[in-house]
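Worksheet for the structure shown next.
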Amino acid sequence: MAVVPDADAGRRSLMLESEGPETSSVSSRKTSFIKRLLMTMGPGLMVCLADTDGSCLITAADSGSEWRYQLLLLQIILIPILYFAQELSVRLALAKGKGLCALLRIEAGKKWAWIVAIPLLIDCVLALISELTVFGQTLLACWDIPLWISSTAFALALVLLALTGSYAVAEKVGLIMGILQVLFFATIFANHPSGSEIWDDLWTFPLTNGNYIKVVTANIGAVIMPWMLAYQQSALCEKGIAGETDADAFLLERIDTGVGSVLTQGVMSAMLMTVAASKMYVGQDIETVDQLLVIFTETMHGALRAKIALTFAICGACIVAAIVVSLCGSWALEEAMGREITSLPTSEVRQSCGGVFQRISWNVRHRPAFYAAFISTCAAAWVLTIFTPTFAVDLTGVWTQFINGLLMPPTIFSLWYLAAYTLPAEYRLGPCLKWSLFLVFGICSAFCFISIPFAIEDSLKKKL
């Protein structure tokens, strides 16, 4: 595959390499649907794998420990909600060919682009702190590797990945790391969950319990994260798929998003069921990887097995999420500044720049805003993780998802407005879907706002 600039629209489109221009369109038509699907899949799957990051997995474990299977039905209900939220990003990227903040800058003005971009960048920094912390907690709990060593290595690896200037490399690394989460599917039935308990808990909703509402909000925040919504739209532009308006392009990206939505909620459900069926920490908060290690040691009948499984699955989740959030915040800032992404294809960069350092220099010179934001995000997250560990730990688990839940409404409704009112008629949300999504997103947003006093009360009780 080669990514080439589109001179007319200022964007790039994915093209198939061929032996000559005369055979290009013929080769494209003959490419099988499955092959094209495999070629284009990535942004939707990767962002959904990032959805089940380290703090989300702790949130799922906490849900299972405190409420057994009473939040399992919520995980299933959130699958279509997650899908349609991400589908808005797909719709806008393919029809408009621009990222969220770039589109807001055009359709609503610079002010609205910055109103979304700045909180989004802050959210990405907080999310990256959470990833560094959970990553470090995992290696410390399993292998006694000091937090400062693991966090430093992680942050440097992210910067080096960005300096390659290749979205394709970042996506491949993210997908390989993220798919390791499927290891949790193997533990669902290890603790022999009771079918009758699962059935009874599915239909139990203690809505008058403040802590239950907070955990519900945390799960909603865990599944619809602001940075997820912005990332997929920008990633489609980076990959060169944005602006492809044929029916197959929409179908392929919707399949990508649908598979990712089912997979991510499956991983959340697997963690919840594994912990709910365990006899360890029943009715207690799960806030650290050390607690998960105790649970999984019992579940897998051995500390070494548990350490290996948690290292691969949790660290893989943290890596893919860290790649997504660090890219998302940097793209958002770049788009809000009105910077058009017109970088040359990697092959052309390699020809014009001799060595590795020359290519890195070229990348930084041509996208200074992106690299400034990316390196600053990694540096800020690293400093806070290393020098304020208590603050970093407080951000992990339920409270990280709670913050995401509060920032989710303005982001999701920005996407909803753009998809409902700014797209050409053939791509615009229809009346039924438009108002159905407005209602669903409104309910999710209401949970986020109503839970604030409950969360404050619960936090004060823990301090007393």
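Laboratory data are not the source of any read-out in this text; all were calculated from the coordinates shown. Computed from a prediction, not measured in an experiment: that's the story for all the values here. Note that we place each Cβ from the backbone using ideal geometry, even for glycine, and neighbour counts take in every protein chain shown.
The table that follows gives values for the structure above.
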{"item": "Rounded, prolate or oblate (a/c below 1.5 giving rounded, otherwise prolate when a/b exceeds b/c) for region 163-302 by Cα gyration tensor", "result": "prolate"}
{"item": "Global geometry of region 116-156, whether rounded, prolate or oblate, following the gyration tensor of its Cα atoms and the 1.5 cut on a/c", "result": "prolate"}
{"item": "Phi-based couplings in Hz for region 226-238 (Karplus 6.51, -1.76, 1.60; Gly and Pro marked x)", "result": "x, 5, 5, 4, 6, 4, 4, 5, 6, 5, 4, 5, 4"}
{"item": "Region 192-228 and region 262-305: distance between their alpha carbon centers, rounded to Å", "result": "16"}
{"item": "Shape call, region 51-90: gyration tensor on alpha carbons, a/c limit 1.5", "result": "oblate"}
{"item": "Distance violations [Cα-Cα > 22 Å] among LYS172/LYS307; LYS98/LYS239; LYS96/LYS239; LYS279/LYS307; LYS35/LYS172", "result": "LYS172/LYS307"}
{"item": "Using a Förster distance of 35 Å, the FRET efficiency for PHE205-LEU38 (Cβ separation, nearest 0.05)", "result": "0.30"}
{"item": "Cα→Cβ-extended label distance, 7 Å offset, between ARG365 and LYS434, nm", "result": "4.8"}
{"item": "Gained length - LYS279 relative to ILE443, 0.36 nm times residue gap less alpha-carbon distance", "result": "55.6 nm"}
{"item": "Estimated FRET transfer efficiency (VAL159, ALA190; beta-carbon r; R0 60 Å; 0.05)", "result": "0.95"}
